[in-house]
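S.K.: Let me begin by handing over the structure; questions about it come next.
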Amino acid sequence: MKVRNKSKKERDYDNLKLDEAKEKFLTESSSFAGEFAELEGDVFHSTVRSFNNAAWQYDHAKEIVDMTKVGDDWDWSKGIISCWRYRNV
């Protein structure tokens, strides 16, 4: 398997995706907190699911930013991300 360092363009793409995930997480967090306060501690299931999904996407984007290598296949234990992620970059 051929492994190389991420290019600047790939790092910029990862940071863009991180910023998008952060914005979505903040929006969902605000929605969750507002609904929690408005309903006196109750929250709709759909709001919880949206909040959890946004939190997972943000954590996932942070993990990808921390990965420094690109290869043919993903290898989380070695910090290698698949080149397929950057096919359209």
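S.K.: With a sphere of radius 15 Å drawn around the Cβ of Thr27, what net charge do the other residues whose Cβ falls strictly inside it have (Lys, Arg +1; Asp, Glu -1)?
M.R.: Net charge in that neighbourhood comes out at -2.
S.K.: Same structure, new question: Divide by every residue of the chain the summed helix terms, -39500 (n - 2.57) for each DSSP H run of at least 4, and state the resulting mean residue ellipticity at 222 nm, rounded to the nearest 500 deg cm²/dmol.
M.R.: Only helices count here, giving -21000 deg cm²/dmol.
S.K.: Measure nothing fancy, just the Cα-based angle from helix 8-38's long axis to the longest principal axis of the chain, in degrees from 0 to 90, nearest 10.
M.R.: With both axes taken from Cα atoms, the answer is about 10 degrees.
S.K.: Run the numbers on the chain and let me know its relative contact order in percent, using alpha-carbon pairs under 8 Å that are six or more apart. Display every interim value, and only then the final one.
M.R.: Numbers: 88 pairs, mean separation 33.3, N = 89.
Relative CO of the chain lands at 37 percent.
No value in this document is a laboratory result; all are computed from the given coordinates. Source: prediction; values computed, not measured. Cβ: placed from backbone, ideal geometry, glycine included. Neighbour counts: every protein chain shown.
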